[in-house]
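Undergrad: I have a structure here, written as structure tokens, and I will follow up with some questions on it.
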Amino acid sequence: MEQGTRGELIDRLAEAVGAAGAVTAGAVTTGHPVRVAVDGPPAAGKTTLADELAVVLRARGREVIRATVDDFLVPRAQRYRRGRYTAEGCYFDAHDRAALCRFLLDPLGPGGDRRFRTTAYDAQTDTALSPPAATAPADAVLLFDGVFLLRPELLDRWDLRVLVSVPFEQTVDRARSRDAALTAAARSRDAALTAAAEIERSWRDRYLPAQRLYAATAHPADHTDITVHNTRLQNPSWEVRQG
């Protein structure tokens, strides 16, 4: 277990990305981008961590592709077909994993043509998307954040696996604080209380049970390369898997 400042953690992750790229280039004749999963429960700090890492990697001359699992959702009717507040619906039905592989992970992987898309879903219209493809250089880095990224169907499609770990109860507190900060000025007191109740129910009945289902079936902690303990944001600790 290592502990340090936020900057030291980001530097350590950047080094790990460089090491994964060296392994990738050695294993594949043509080379391909390094695909980094930043996994963890909702409100664990995945997006912030990936954004901070992207800044450092770009400053070091790497081209970074940023993407998130929220842009690979399926339409609401499919997402909530088992009900809005079910762990099974959240874990099994929320994301278009086939599109994620087809649009992004496989093109950037071994033997891929590096023509990729970072989204397959339009939240405003609740419809599937198929945007024009871009082409990544062979030494690019994909930083992809989201939930359930180390499930069996996706596990072998990552070159570096980072798990952001936070106690589940703390994620509920962070979600409440995040929503309050974003909407305090735009909502009446009654609306704010309704939103807080919705967060509480979503976390208790959907998100946290889905995370427990994920842990029990996929065992993500057994497959991570680096586990970031993100309880103390400015003084995190991390574990690097050996071997």
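The values are calculated or read from the model by the stated rules, or taken from the named source; none is laboratory data. Just so you know, these numbers come straight off a predicted model, no measurement behind them. Please note: Cβ atoms are built from the backbone with ideal geometry, for glycine as well, and neighbour counts cover all protein chains shown. Heavy atoms of the whole protein, side chains included, go into the accessibility calculation; ligands, DNA and RNA do not. Shrake-Rupley method; radii C 1.70, N 1.55, O 1.52, S 1.80 Å.
Undergrad: Name the residue farthest towards the positive end of the dipole of the chain from the options Pro75, Thr231, Val56, assuming +1 on Cβ of Lys and Arg, -1 on Cβ of Asp and Glu, about the Cα centre.
TA: Pro75
Undergrad: Pick out, in residue order, every one of the GluC sites (Glu not before Pro) in the range 1-105 that is DSSP loop and has at most 16 other C-beta atoms within 10 Å; say none if there are none.
TA: Filter output for the range 1-105: Glu63.
Undergrad: Using a 1.4 Å probe, what is the accessible area per residue for the range 94-153, in Å²?
TA: 42 Å²
Undergrad: Additional query: Only bridges whose two residues both fall in the chain count here: according to DSSP, what percent of them are antiparallel, nearest 5?
TA: In the chain, DSSP labels about 35 percent of beta bridges as antiparallel.
Undergrad: How large is ³J(HN,Hα) for each residue in the range 134-147, as worked out from phi by the Karplus curve 6.51 cos²θ - 1.76 cosθ + 1.60 (θ = phi - 60°), to whole Hz, x for Gly and Pro?
TA: 10, 10, 8, x, 5, 9, 6, 10, 8, 10, 10, 10, x, 8
Undergrad: Follow-up. Tally up the carbon and sulfur contribution to the accessible surface of the range 95-138 as a whole percent, 1.4 Å probe, everything protein left in place.
TA: After summing per-atom areas, the C and S share lands at 51 percent.
Undergrad: Where the centre of each part is set by its Cα atoms, how far does the range 144-164 sit from the range 69-86, in angstrom?
TA: The two parts, judged by their Cα centres, are 20 Å apart.
Undergrad: Note down the magnitude of the dipole of the range 1-135 about its Cα centre, charges +1 on Lys and Arg C-beta and -1 on Asp and Glu C-beta and zero elsewhere, to the nearest 20 debye.
TA: The dipole of the range 1-135 has a size of about 280 debye.
Undergrad: Another one. What is the sum of charges, Lys and Arg at +1 and Asp and Glu at -1, for the other residues whose Cβ falls under 13 Å from the Cβ of Arg81?
TA: Charge balance in the 13 Å sphere: +2.
Undergrad: Just the number, please: percent antiparallel of the DSSP beta bridges in the range 38-143, rounded to the nearest 5.
TA: That works out to approximately 60 percent antiparallel.
Undergrad: Also, quick follow-up: Taking Rg and Dmax of the Cα atoms in Å as the quantity of interest, determine which of [x] 17.3, 51; [y] 18.2, 61; [z] 25.6, 90 was computed from the displayed structure.
TA: [y]
Undergrad: Would you work out the charge dipole size for the chain about its Cα centre, treating the Cβ of every Lys and Arg as +1 and the Cβ of every Asp and Glu as -1, and quote it to the nearest 20 debye?
TA: Computed charge dipole of the chain: roughly 440 debye.
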